[in-house]
1. Would you say residue 331 is in contact with a helix residue (DSSP H, G or I) (Cβ under 6 Å, 6 or more places away or on another chain) and either more than 28 Å from residue 46 (Cα to Cα) or not in a loop (DSSP other than H, G, I, E, B) (or both)?
2. Within the stretch 184-201, which residues are touching a residue at least 24 places away in the same chain (Cβ under 8 Å) and out of contact with any helix residue (DSSP H, G or I) (no Cβ under 8 Å at 6 or more places or on another chain)?
3. Among the numbered criteria (1) at positive phi; (2) modelled with pLDDT of 95 or more, which one does residue 38 miss?
4. Tell me which of these residue 60 doesn't satisfy, since it passes every other one: (1) part of a strand (DSSP E or B); (2) touching a residue at least 60 places away in the same chain (Cβ under 8 Å).
5. State whether one or more residues within the stretch 343-359 are at positive phi, touching a helix residue (DSSP H, G or I) at 6+ places or on another chain (Cβ under 6 Å), part of a loop (DSSP other than H, G, I, E, B) and assigned by TED's automatic domain parsing to the domain that holds residue 131.
6. Looking at (1) within 21 Å of the chain's Cα centre (by Cα); (2) more than 23 Å from residue 276 (Cα to Cα); (3) not in a strand (DSSP E or B), which is the one condition that is false for residue 140?
7. Determine whether the stretch 388-400 contains at least one residue that is in the same structural domain as residue 209 (by TED's automatic domain parsing), assigned to a loop (DSSP other than H, G, I, E, B) and surrounded by 22 or more Cβ atoms within 10 Å (Cβ to Cβ).
8. Quick check on my filter: what residues within the stretch 124-134 are buried (at least 18 other Cβ atoms within 10 Å of the Cβ) and modelled with pLDDT of 95 or more?
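The values are calculated or read from the model by the stated rules, or taken from the named source; none is laboratory data. Because the structure is predicted, anything quoted here is derived from the model rather than measured. Neighbour counts run over all protein chains shown; Cβ positions are idealised from the backbone, glycine included.
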């Protein structure tokens, strides 16, 4: 996840380093099913109006989301916010969704840029409060596909303001992988053709990628949502990944290593992000990246307000600021994601940025199953079985990698 047209690898690395430590972000299959999950969060109320700002706001964020010029003098959207609102920004960079959840439980922070796995947990535990979107004027310009998602709402009540989104793509070396793949079969059923040169994202949430493939190729399994797997479905996904493991050359979590591997030929096919594909091509590697015919997993982040926020008025000011057109454009380019605000695309420095990242293409995003947290309560609405919770995904991932 990263930034402005990637002029240098060094600049990109500064932003991505911590993000790649995160294990999970965003949603279920169709983006509109929170009621089906049976999730019953505490009865918390969103404010009906804002009061006087409190002079400061304490934020938890991914690296690259709260930039004040200290990392790069040219990258600063915090200073103007402080001048305009009088709210001094104090931010803590989190390295994982688990860390975000733990920090939010302390009650010391006002808002968090939660990914989908964290957001669902924060809603269920009552650590995140519902938001009154009417108090966030820029919310009206957020793309519809980011509103009322399984990962940021319950029964039509939003629990945050969407920040941006990205897809997990299939990248391949155009000279060594022929014919051009159209399916995730290239890294699963056909992976033996590229034995030792297949790469995959190093995270338990990658089990969902296998489930997504099985949803299309083994319909008898009945997978509806790659994050809602009963034991039989889960075992099938794990078995597929164990078979894949024999052909894996490297699991990537450091995106610079993925770029290097594709440049050297050590990797010729595997999962990636758009920003990584851009950088890899910029480095001279002959690669293409796309969403295969089965669709893809992906991530979406949401700014959520703590139920214990000591500075809620400044928090709301921040929520509106970070998704304002100019700032959202800056963040999206710096971070390497599609912006959430539909007016941001007119303000990106790279006029092709939003086309590359499919920002306004809702048809594209309908094929993305955003990351979500697997829980025993099946997210696809089934009540006759229990689904495998995320802790078991973590255990299985260790077994898959051997």
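1. Against the criterion (in contact with a helix residue (DSSP H, G or I) (Cβ under 6 Å, 6 or more places away or on another chain) and either more than 28 Å from residue 46 (Cα to Cα) or not in a loop (DSSP other than H, G, I, E, B) (or both)), residue 331 does not qualify.
2. Within the stretch 184-201, 192, 195, 196, 197 qualify.
3. (2)
4. Just one mismatch for residue 60, condition (2).
5. Looking for residues that are at positive phi, touching a helix residue (DSSP H, G or I) at 6+ places or on another chain (Cβ under 6 Å), part of a loop (DSSP other than H, G, I, E, B) and assigned by TED's automatic domain parsing to the domain that holds residue 131, one finds at least one in the stretch 343-359, hence yes.
6. Residue 140 satisfies every listed condition except (1).
7. Yes, the stretch 388-400 contains at least one residue that is in the same structural domain as residue 209 (by TED's automatic domain parsing), assigned to a loop (DSSP other than H, G, I, E, B) and surrounded by 22 or more Cβ atoms within 10 Å (Cβ to Cβ).
8. 127, 128, 129, 130, 131, 132, 133
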